[in-house]
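Bear in mind these aren't lab numbers, they're just calculated from the coordinates by the rules spelled out. In this text, all values refer to a predicted model and were calculated from it rather than measured experimentally. Quick reminder, even Gly has a Cβ in these numbers, built from the backbone with ideal geometry, and neighbours come from all protein chains shown.
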Amino acid sequence: MSIHHQLASKLAILADAAKYDASCASSGTSQRDSVGGKGIGSTEGSGICHSYAPDGRCISLLKILLTNFCRYDCLYCVNRVSSNVPRARFRVDEVVQLTLDFYRRNCIEGLFLSSGIIQSPDYTMELLVEVARSLREDHDFRGYIHLKTIPDASPDLLARAGLHADRLSINVELPTVEGLQALAPEKDGVAIRRSMAQLRIGIDDAKAAAGDARRSQIVSLPRSLVVRRATPPRFAPGGQSTQMIVGADATDDRTILQASASLYSAYRLRRVYYSAFSPIPDASARLPLRRPPLLREHRLYQADWLMRFYGFAHDEIVPGAGGMLALAMDPKLAWALGHREQFPVDLNSAARELLLRVPGLGIKAVTRILQSRRGRKLRAADLLRLHVPLKRVLPFVLLADHHPGASLDAPGLASRLAPAPAQAGLFDVSDAAASSSSLGLPAPTGLTGAAASARRSTAPELSWA
Amino acid sequence: MGLRKPRFDTAEANAGQGLFADQPAFTSFRSITLRGAVDIDGFRQAARRLMAEQIRPECVGWHSGDDTARDLFASANQDSAEALGEAGASGGRGESDAGQTPVLTVPAEFLQLCQTVILHSDAGRFGLLYRLLWRLRHEPALRHDPLDADRVQARHMAQAVQRDVHKMKAFVRFRTVQDEAFKTRPAGGPMHVAWFEPEHHIVQAIAPFFAKRFTQMRWAVLTPECSVEWNGATLRFGPGAAKADAPPADAGEHLWLTYYRSTFNPARLKLKAMQKEMPRRYWKNLPEAELISGLAAGACERSAAMIDQPPTLPRRRIPAPRLKAVPSDAARSAG
């Protein structure tokens, strides 16, 4: 078999094995380019999605495993030791060359490298770090690098990983420590959180040092021509993220959001990714064979957005009993329908926090409303120019020439705004996509960081359902 | 106000030149012809003059001479600071102007907007921008009203341009060239060439992005309207090209196709979501797009197979490394 052929076979196995990780963000790191360097690569504030797979996910990074051999037996994982999938292992230089080759073709923003655990956590982590080191030092590669961090790897290795990588991540895998114990007996939920804490300290320290260096006055002494301060060591300028699997155990949405809220605040994560458990080849008998509806994952992302950008607390998003988000309507609309006493909101006078709670108004729309109303009274025609979904917004707002009247309290309002979707069959996947676009929302996959930030900078405001 | 002879700004070789049409019936109607599709300097100078003469927007006809686009590449003028002028800018520029043209202050935001909107392919862009300029001057409330119809339209045009820029950064695909025609100059490694069809006049604006990203690489991007080449040190703009001028797939491209095939998860087929971000019109220039229909067609079958497959008995042993025994494609697609 030719070398090319062999490399292609490995790539097929190790890309297949890595695709269950949802993260593909290439945004939010330091800005740099290859001018004056020896190699290639640049990063901007927002990431770039170079392609999209037919599953709707963006392809921003070369997302592969170094190897899918693994000692662990995590039931939800396609690469668990007891799975019969074909195995492969890349050499360090193969990953380096693939990354550079795809980058030169302008197919990717960089590399997202993860691995099964072979020999020991440190041994595995060392290989991942070596790939990043080689890209940075041997090839002066200035594109994006995301390294999956092996829980329990030594602090020294974490520090070296942070030196070369833009982003580090450790997957909590399941929302609760108990869930992890049941499905991934070798993984230690507490150790995972300990490593995340370590990363946070590294990231915070590097940020503080960079800030100090910027602020401190440089005083030049007589006769010294150039005063240069050493650049503080970098550490994962793109921050850290994590992922949890949804639907592999019985955890409800309320618990998941609570877990996210505490992850965001405790470890200052950039993102929590939710990955609907999806059927994998050679699945374990102890797992549900049917997947949870993809719409559930979508609703969780919407709720996540509400927590991070719309001022919602995690415990007010999931309504009353049951602990699950409604599938039929997005969580913001559900909240508004459940709190009609807070409406109608007067767009000409209400505070920003209240405007953000109006179904259909996104962050940019709210900013424009605040700007425009300084000079004049807003009317219904202004909403048209804002490109917000009128049917959704009007029942909840007051304008100079509009009052919702009794429509706000009409019992049929919910069904009018969110008609019950036709029961989706297992493979009726376009249904989820269709309903998400009718909500005027980014499709679930569009919510990965790169896509979302790209959109924030270029596309018209995506009206929030 | 009578028809006055245009003053050409001779200090500025690249500046736009106002050419007044001979239209006696509308003595104040002006017809401005700019040099090329994205002649921002010419637009600014003409607009400044028109404002000084208080010519109303409805009395101006704008012609961009989009067909003269090729002339443009003689001047890669990215000068962005003055003309419409933050205060004081007009003083330093073309002394002949300074005497008559009052300082015209516009929000910095508006200058940025002009620079983006001018790249749009809509022929009405100059008229819209001049109308906005006029209204900014005469309607003080306008700058606080982002929902004004003209401002909304300009913003949408700017967004369309930015989206086009973003998609071009994403979807340009370089191929290394074996062809002798491209095996140029002694220095540097292989040449990388891409073919792309942008919607708006963005090639000049985007070229520095690729230069900074692929500084140590020799590359060229060909488009129907113009082409740009980077030799490792300078950007050179040239005339438009045809798709046939771009190279075919090179030997390494199949690795990228392999990756695209493998990273797709058949259990979550979502073609609409994909097409929203990667509309069909881009497909013809994306090598991986040829795989889409096949992958989509096989998806249901593959994920049904995963679900129907009886769970296998867990093994508690790491299988011996079988690096040589790589599965065939048939085995993979069955899995």
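Which residues in the range B:192-226 place their backbone N less than 20 Å from a point set 7 Å from the Cα of A:Arg32 along the Cα-to-Cβ direction? Residues passing the 20 Å test: B:209-217.
Given R0 = 30 Å, the distance between the Cβ atoms of A:Asp401 and B:Arg281 translates into a calculated FRET efficiency of 0.15.
Close amide-amide hydrogen proximity is noted between B:Met191 and B:Val177, each under 5 Å apart and 5 or more residues distant or on a separate chain (H modeled in the peptide plane; Pro and chain starts excluded).
In terms of distances greater than 25 angstrom between alpha carbons, the cross-link table entries A:Lys38/A:Lys207; A:Lys10/B:Lys169; A:Lys207/B:Lys169; B:Lys169/B:Lys284 yield A:Lys38/A:Lys207; A:Lys10/B:Lys169; A:Lys207/B:Lys169.
Near the amide H of B:Val60, within less than 5 Å, lie the amide hydrogens of B:Arg30, all on another chain or at least 5 residues away, with H placed in the peptide plane.
Taken as Cα centroids, the range A:240-272 and the range A:97-123 sit 26 Å apart, rounded to the nearest whole angstrom.
Assigning unit charges at the beta carbon (Lys, Arg +1; Asp, Glu -1) and nothing else, what dipole magnitude in debye, to the nearest 20, does the range B:172-245 show about its Cα centre?
Working: 9 positive and 7 negative charges, 71 e Å.
My answer is approximately 340 debye.
Using θ = phi - 60° in the Karplus curve 6.51 cos²θ - 1.76 cosθ + 1.60, the 3J(HN,Hα) couplings for the range A:321-336 round to 6, x, x, 10, 6, 5, 7, 6, 9, 6, x, 6, 5, 4, 5, 5 Hz; x is entered for Gly and Pro. Taking all Cα pairs closer than 8 Å and separated by 6 or more residues, the relative contact order of the range A:1-102 comes to 26 percent. Scalar couplings 3J(HN,Hα) for the range A:2-17, obtained by applying the Karplus form with A = 6.51, B = -1.76, C = 1.60 to θ = phi - 60°, are 5, 4, 4, 5, 5, 4, 5, 5, 4, 4, 4, 5, 7, 7, 4, 6 Hz; x denotes Gly and Pro.
Relative to the longest principal axis of the Cα atoms of chain A, helix A:121-133 runs at roughly 90 degrees. Charging the Cβ of each Asp and Glu at -1 and of each Lys and Arg at +1, and nothing else, the dipole of chain A about its Cα centre rounds to 1520 debye.
Starting with the highest mean, order B:268-274, A:133-139 by the number of other Cβ atoms within 10 Å, averaged over the residues of each peptide. Could you put the intermediate results ahead of the total?
On the way: B:268-274: 24.0, A:133-139: 17.0.
Ranked from most to least packed, the peptides come out as B:268-274, A:133-139.
Entry note, chain A: relative contact order of 15 percent, from Cα contacts under 8 Å with a spacing of 6+ residues.
Remark: the range B:126-134, residue by residue, has Karplus-estimated 3J(HN,Hα) of 5, x, 4, 5, 5, 4, 4, 4, 4 Hz, where x stands for each Gly or Pro and the curve is 6.51 cos²θ - 1.76 cosθ + 1.60 at θ = phi - 60°.
Rounded, prolate or oblate: which one fits the range A:72-159, using the alpha carbon gyration tensor with axes a ≥ b ≥ c (rounded when a/c is under 1.5, else prolate when a/b beats b/c, else oblate)?
Working: a/c = 2.30, a/b = 1.44, b/c = 1.59.
Judged from the Cα gyration tensor, the range A:72-159 comes out oblate (a/c at least 1.5, b/c at or above a/b).
Evaluated with a Cβ-only charge set (Lys, Arg +1; Asp, Glu -1), the range B:251-307 carries a dipole of roughly 300 debye about its Cα centre, given to the nearest 20. Extension gain, A:Ala410-A:Arg91: 0.36 nm per intervening residue step, less the Cα-Cα distance, totals 108.4 nm.
Grab the alpha carbons of the range B:172-245, take their convex hull, and tell me the volume per residue in Å³.
On the way: hull volume 6.4 nm³, N = 74.
Taking only Cα atoms, the range B:172-245 has a hull volume of 86 Å³ per residue.
If R0 equals 22 Å, the separation of the Cβ atoms of B:Ala305 and A:Gln6 corresponds to a calculated FRET efficiency of about 0.25. I'd like to know which of A:Val358, A:Pro279, A:Cys24 lies farthest towards the positive end of the charge dipole of chain A, counting +1 on Cβ of Lys and Arg and -1 on Cβ of Asp and Glu. Result: A:Val358. The A:Ala197 and A:Ala313 beta-carbon pair, evaluated with R₀ = 25 Å, returns a calculated FRET efficiency of approximately 0.60.
Working from label points 7 Å from Cα in the Cα-to-Cβ sense, the A:Asp122 to B:Glu199 distance is 5.5 nm. Under 5 Å between amide hydrogens, built in the peptide plane, is the criterion, and for A:Glu186 it picks out A:Asp73 among residues at least 5 positions away or on other chains. Of the residues A:Ile192, A:Ser82, A:Ile108, the one whose Cα sits farthest toward the positive end of the charge dipole of chain A, with +1 on the Cβ of Lys and Arg and -1 on the Cβ of Asp and Glu, is A:Ile108.
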